[in-house]
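Shown next, in structure tokens, is the structure this report addresses.
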């Protein structure tokens, strides 16, 4: 019988593939944003309003500290990559989310499993007019066009098992032949204006391609890509649903009549685009203590926008709670006085 032998959690921010001398540029860019989420209230606010709400408790941005923070993140990525190589699982289930990539509001499933034979990675190609920090980070989501092998048999088994166990999962077996995707998101919830993405070539999402490039070094183990709609209301799963989804994934693996060793990996998070150490540490406490009630009760107003990717970790914690958890690195990074940035984290269950 198959079994889950490894759990992994990794951040996948562009900052992780951007030299630290460019980190402050992203902080300057935050000052023009109108879509930042105040983690304490869940309100969507401008940068200036977020700064005002800090009520004098501004953050000192230490550009020298960025160098060590960047180094700590690289150590975390390298250690997780080594862990995957050393344990050498037969398949890696990657739980991540789509952010205006191939899923839009013409079709936005809560849970979706891809089970084609392969899935394409298409490198990002920023325009010449893009800021230097954007150009410097693109490689982290794939620098080589390639077809990544998919464990389609496990994908099909997961779908069938989960449906039998009352999870109404969507599925896909192929990307469009021309790989052209575009559409709109919002307005709804924290997304206050309609966001339009013009059709452009896109393969597997950033959360999955980051793993292929940064943790597998373009030499991928067969994967099963899972998308959770963590980001966009009204059908984003609750933390409790994600935790139970993770437990059902492990039950599915253990019910599979194949002699395979499976890893389950969360890609994304922790808090961003506003760094919220309180909710990060709450989630880490729940994972380290294998406390499903803490993880299921994470405050939903703090899990909006990109901070919602914490729910990917909640799912993997449910799938890997029979293993021993370890925080490899947790690096809270503040890139502006208003506290924008993120909690970059790297964790494993062995």
Query raised in the report: Which angle from 0 to 90°, rounded to the nearest 10, does the C-alpha axis of helix 152-164 make with the longest principal axis of the chain?
Result: 90
Query - Radius ratio Rg over Rh of region 114-264, counting only Cα atoms, Kirkwood formula for Rh - result: 0.99
**Report entry** Nearest-ten-degree value, helix 239-254 long axis tilted from longest Cα axis of the chain
**Finding:** 30
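Would you mind calculating the gained length between residue 65 and residue 79 on full extension (0.36 nm times residue separation, minus the Cα-Cα distance), in nm to one decimal? If you can, show how the numbers build up before the last one.
Numbers: separation 14, 0.36 × 14 = 5.04 nm, distance 2.13 nm.
The residue 65-residue 79 span can extend by a further 2.9 nm.
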**Report entry** region 161-247: radius of gyration over Cα atoms, expressed as a fraction of 2.2 N^0.38 Å
**Finding:** 1.31
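If you average the sequence gap of Cα pairs under 8 Å that are 6 or more apart and divide by the length of region 90-242, what percent do you get for the contact order?
Working: 289 pairs, mean separation 64.4, N = 153.
Relative contact order comes out at 42 percent.
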Report task. Please give the helix 65-87 orientation as an angle from the longest Cα principal axis of the chain, in degrees from 0 to 90, rounded to the nearest 10. Result -> 0
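If eta is 1.002 mPa s and T is 20 °C, what Stokes-Einstein diffusion coefficient results for region 278-340, Kirkwood Rh from Cα pairs, in µm²/s?
Using the Kirkwood radius from Cα pairs, D works out to 170 µm²/s.
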Query raised in the report: So what's the gap between the Cα centers of region 193-248 and region 1-22, to the nearest angstrom?
Result: 13
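Can you sort 213, 192 from fewest to most other Cβ atoms within 10 Å of each residue's own Cβ? Before the final figure, lay out each step's value.
Details: 213 22, 192 13.
Lowest to highest Cβ neighbour count: 192, 213.
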**Report entry** Over 17 Å [Cα-Cα, region 198-281], rounded percent
**Finding:** 65
Query raised in the report: Could you list, bin by bin from short to long, the percent of Cα-Cα pairs of the chain in 10 Å steps?
Result: 6, 26, 37, 24, 6, 0
Report task. Could you check how many percent of all C-alpha pairs in region 146-189 are farther apart than 17 Å? Result -> 57
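No lab work stands behind these numbers, since they all come straight from the coordinates. Not measured: the values here are computed from a predicted model. Every residue, glycine as well, gets a Cβ built from its backbone with ideal geometry; the counts of neighbours run over all protein chains shown.
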